[in-house]
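The values are calculated or read from the model by the stated rules, or taken from the named source; none is laboratory data. All figures in this text were calculated on a predicted structure; none of them were measured in a lab. Positions of Cβ are generated from backbone atoms using ideal geometry, with glycine treated the same way; all protein chains shown enter the neighbour counts.
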Amino acid sequence: MTFTREQVAKVADLARLHLSETEIDSMSRQLTSILEFFDQLQAIDTTGVEPMAHGVAIENVFRDDEKHPGLPPDEALANAPKRAGDFFAVPPILD
Amino acid sequence: MATHPFEIIVGLEVHVQLLTESKLFCSDGTKFGQPPNTLVSPISIGMPGVLPVMNRRALELAIKAGLALQCQIARFTKWDRKHYYYPDLPKNYQISQYDMPFATEGYLDVDVEGKTTKVRLIRVHLEEDAGKNLHDDHGGDSLVDLNRAGMPLIEIVSYPDIRSAAEAGAYLEKLRTLMRDLDVSDCEMQEGSLRCDANVNIAITKEGKTYKTPIVEVKNLNSIKMVEKSITYEAGRQYDQWEKDGKVIGQAPKQTRGWDEARGVTRPQREKEEEADYRYFPEPDLVPVVITEEMLARIKGEVGESSQQRKDRYRDQLGLSEYNASVLVDKGRGVADYFDALMSHDIDAKTAANWVINDVLAHSTGRIKVMHDLAVEPSSLAELIKLVKGNKLNLNDARERVLREMISTGKDASTIVQELGLEVVVDTAAIEAIVDTVLADMSKVVDDFRSGKGKALGALVGQVMKRSQGKFPPALVNEILNKKLGVS
């Protein structure tokens, strides 16, 4: 199974990543070899095996509905490349 | 209304924010209208290395909603990541439910002008909300407030069973009442705790053939009125478009349009990602949920009597009309609770229903969440009704004067009756004395009556009531007048 250059470009676009032509080539090769591992897994006969929804056999981990004070805005915004007042500022979004 | 050569087909996707103290996967508060970025934590702003933990109450409220919507509740449900890039989504994925939602296949019966339509539900799933972007009209930076990021939502997806704008409106009203009655959500559209997208297309019948137009998802609907207006507009627009290009479903991609309230039109929005583009996969940070019979039984207990059961009880056991039973129940649990409370003060069902529907509701403004939001306490109203029943107060005075005064001053009924001098006089001799003077003064009217003009009696009753300053019980005045005139 190969992961084509077109597929790389599409996934990169969805992830808002700008890849150069060489990066697309190397990503295509790397992702193809990852998919080949899955081909090996696909070869295993899983007839009669219940699919798992999660890798760990634990369920129902809850917390009580209690609120705690949030981060102070200065801490919450500490890593923001840009802020405006207590808002995160981002380049204009065009709908 | 003009008849169109087409049928409207609508499916609604409704997001309802659950009434919890804290967010779905972290303990930030959920109060609306707080200063920006104050209800945030490392989890809600998407810091690396954090772990979400599910809010038990949010799951319980979601199940409660699912049960009330007659859904099948899954015994096993899980979380998935839905990926897309937008500044209000700091993790770049939303935790949602994809292939195993907690509830499927429910329905809601919707009444429009006496006709009931069953709107079936495909599914109800839980998910976290995104933050909020504020756009600058002058092309400056967009601002992001993450207070809303991670708030608990359920998304209720209907089948395309809705056939008119009015049905869509009635569906939303009914859903809102139900969610409020169950304390699942406060459903304030202007605060965003109820949001709706409409999938609209039309089926055109022409020369015996049917053409279905491509589906358009209409967004930016901030009130039930807007939902209705946009559906009507969009149906007409699709008809015009079809006349121009003849394109039917499958020949054009699903389009997203936004409602422009100022201009009353829908306008194209950015093209939606295809489902595969969301790259759903199971959320590794959250373990699955197993819903046990005990849990379901406990939540069913919380749901209590359904609206339909309550209507049936009012109609079948209390003998109310279908209409009165529906008004009392459809106005919300606060109104029906008020009615029950009024009856508990020894007021019979029909009288109580008339007072609640004709008077109490007319005097109540704003949203009725609980019965105490209504204008007057049930015990005080019961006192007023008893004064009328005991012939101590005329019904008209009770409704037009005493009740108004009770609401504006908060005083009790008997005090107001005394202050306004409205006590009914049940003194037969006093009534007879006034009747005699009226009969003497209005001999012409008396003659009219005797010569067969039945209507003349009304003038005589009116005059007696006027001279008594409204203090005589009308029934007694009628009886005495009739006696004096030699009738019956």
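For segment B:258-270, check the following and say yes or no: at least one residue is over 27 Å from the mean Cα position of the chain (by Cα) and surrounded by 17 or more Cβ atoms within 10 Å (Cβ to Cβ). Within segment B:258-270 (the criterion being over 27 Å from the mean Cα position of the chain (by Cα) and surrounded by 17 or more Cβ atoms within 10 Å (Cβ to Cβ)), the answer is no, since none of the residues qualifies. The residue that is nearest to B:Ser44 (Cα to Cα), counting only those in segment A:41-75 that are facing chain B (nearest Cβ under 9 Å) and among the β-branched types (Val, Ile, Thr), is A:Val61. Quick one: is B:Leu67 within 27 Å of B:Ser306 (Cβ to Cβ), under 30 Å from the mean Cα position of the chain (by Cα), more than 9 Å from every other protein chain (Cβ to nearest Cβ) and part of a helix (DSSP H, G or I)? In short, yes.
Among the residues of segment B:18-39, is there at least one that is modelled with pLDDT under 95, out of contact with any Ser or Thr (no Cβ under 9 Å at 6 or more places or on another chain) and either aliphatic (A, V, I, L, M) or closer than 30 Å to B:Asn199 by Cβ (or both)? Looking for residues that are modelled with pLDDT under 95, out of contact with any Ser or Thr (no Cβ under 9 Å at 6 or more places or on another chain) and either aliphatic (A, V, I, L, M) or closer than 30 Å to B:Asn199 by Cβ (or both), one finds none in segment B:18-39, hence no. For segment B:126-133, the criterion of being farther than 26 Å from A:Leu71 by Cβ and not in a helix (DSSP H, G or I) is met by no residue. If you take the residues of segment B:1-28 that are more than 14 Å from B:Asp129 (Cβ to Cβ) and either free of Cβ contacts under 8 Å to residues at least 40 places away in the same chain or assigned to a loop (DSSP other than H, G, I, E, B) (or both), which of them is farthest from the chain's Cα centre (by Cα)? The residue in question is B:Pro5.
Take B:Thr437 and tell me if it is more than 19 Å from B:Gly390 (Cα to Cα), among the β-branched types (Val, Ile, Thr) and over 47 Å from the mean Cα position of the chain (by Cα). In short, yes. Of the residues making up segment B:297-315, those that are in contact with a helix residue (DSSP H, G or I) (Cβ under 7 Å, 6 or more places away or on another chain) and not hydroxyl-bearing (Ser, Thr, Tyr) number 7. The residue list B:Val360, B:Val327, B:Val356 contains one member that is closer than 18 Å to B:Leu178 by Cβ, assigned to a helix (DSSP H, G or I) and hydrophobic (A, V, I, L, M, F, W, C), which is B:Val327. Those helices (runs of 4 or more DSSP H) of segment B:221-317 in which 2 or more residues are under 30 Å from B:Asp348 (Cα atoms) occupy B:293-303, B:307-316.
On the basis of being more than 8 Å from every other protein chain (Cβ to nearest Cβ), charged (D, E, K, R) and surrounded by 22 or more Cβ atoms within 10 Å (Cβ to Cβ), does B:Asp80 make the cut? When the stated conditions are applied, B:Asp80 passes them. When segment A:7-19 is limited to residues that are over 14 Å from B:Asp277 (Cα atoms) and within 14 Å of chain B (Cβ to nearest Cβ), the one that is surrounded by the most Cβ atoms within 10 Å (Cβ to Cβ) turns out to be A:Leu17. Evaluating B:Asn147 against the criteria (1) at the interface with chain A (Cβ under 10 Å from one of its Cβ atoms); (2) within 30 Å of B:Pro36 (Cβ to Cβ); (3) out of contact with any Lys or Arg (no Cβ under 9 Å at 6 or more places or on another chain) leaves one unmet condition, (3).
Table: residues versus (1) in the same structural domain as B:Asp181 (by TED's automatic domain parsing); (2) farther than 30 Å from B:Gln72 by Cα; (3) buried (at least 17 other Cβ atoms within 10 Å of the Cβ).
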| site | (1), (2), (3) |
| --- | --- |
| B:Gly301 | no, no, no |
| B:Leu320 | no, yes, yes |
| B:Ser326 | no, no, no |
| B:Asp330 | no, no, no |
| B:Asp337 | no, no, yes |
| B:Ala353 | no, yes, yes |
| B:Val360 | no, yes, yes |
| B:Thr365 | no, yes, no |
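None of B:Gly46, B:Gly11 is more than 10 Å from chain A (Cβ to nearest Cβ), surrounded by fewer than 24 Cβ atoms within 10 Å (Cβ to Cβ) and in contact with a strand residue (DSSP E or B) (Cβ under 6 Å, 6 or more places away or on another chain) except B:Gly11. For segment B:191-209, filtering for residues that are touching a strand residue (DSSP E or B) at 6+ places or on another chain (Cβ under 6 Å) and either β-branched (Val, Ile, Thr) or more than 11 Å from B:Pro5 (Cα to Cα) (or both) leaves 11.
Of the candidates B:Arg163, B:Arg120, B:Arg148, the single residue that is farther than 30 Å from B:Met371 by Cα, surrounded by fewer than 16 Cβ atoms within 10 Å (Cβ to Cβ) and basic (Lys, Arg) is B:Arg120. Within segment B:86-99, can one find any residue that is small (Gly, Ala, Ser), surrounded by fewer than 20 Cβ atoms within 10 Å (Cβ to Cβ) and more than 13 Å from chain A (Cβ to nearest Cβ)? Yes - at least one qualifying residue is present in segment B:86-99.
Mind checking which residues of segment A:62-82 are assigned to a strand (DSSP E or B) and either more than 25 Å from the chain's Cα centre (by Cα) or of a type in the set (Gly, Ala, Ser) (or both)? Scanning segment A:62-82 gives a single hit, A:Arg63.
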